[in-house]
Amino acid sequence: MGIKNSRRRSHDIDAVQPDEPDIWEEGKFTPDPDCDRSPVRYRTVTGPDGLPTNARTIYVDWRKSGHIHRFFQCIQVNFDEETIDDSLEIIEDDDSVPDESKGRADMWQAAEIDCSHNICHIHPNGHHPPSGLPVDKQFIHRLDSLKDVRYACAVSSVLINTIAINAMKTCGGEWDERTITGIAEGAVQTLRRAESIRNSH
């Protein structure tokens, strides 16, 4: 059974071409249920002036015998700059998230990358965006082995950092949902093109 991609945009963010159906076939790798969860790693996003902003990149993984079996990464934006919120929601299964699910007023987990259904993919505006309208997930890498998980994790870290950097250049710290979504989708499409070129040689 493949991963579902049934959520459709009902707002004005520019549409992207749907992914080919076959890439959403569920991966063959199954994470060990007895993995140890790593401590959550937070890294503050700095602005063009070099000062810290109200956003952080977040990383957590689950390992067995030193090997990463699954991971979760995102950008967390705290709209209430007076409070740093250490809470973190990790979605275990995309199918359990309602089609329209509005997030908290004070915090937004944007550009969430997870491994549900053994497919590494990104939710460009998160599972619970401020608009309440999550856009279609974007495919990153199918997980058939530990090597695939390791590769996908490394690529995802680059994606998250690229999105954060480009967001600061474009928005200057405003973290507009429409803009961030476009930046995230653009970063994934750039990755897909690069991988296509690499695989053709």
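Computed from the coordinates by the stated procedures, all read-outs in this text should not be read as laboratory data. No experiment lies behind these values; they were computed from the predicted model shown. Ideal geometry is used to build each Cβ from the backbone, glycine not excepted, and the neighbour counts take in all protein chains shown.
If the chain between Arg193 and Val40 were fully stretched, how many nm would it gain, using 0.36 nm times the residue separation less the Cα-Cα distance? Working shown, then result.
Numbers: separation 153, 0.36 × 153 = 55.08 nm, distance 3.11 nm.
Fully extending the segment from Arg193 to Val40 adds 52.0 nm.
For Ile23 and Leu51, what does the FRET efficiency come to when R0 = 45 Å and r is the distance between their Cβ atoms, rounded to the nearest 0.05?
0.65
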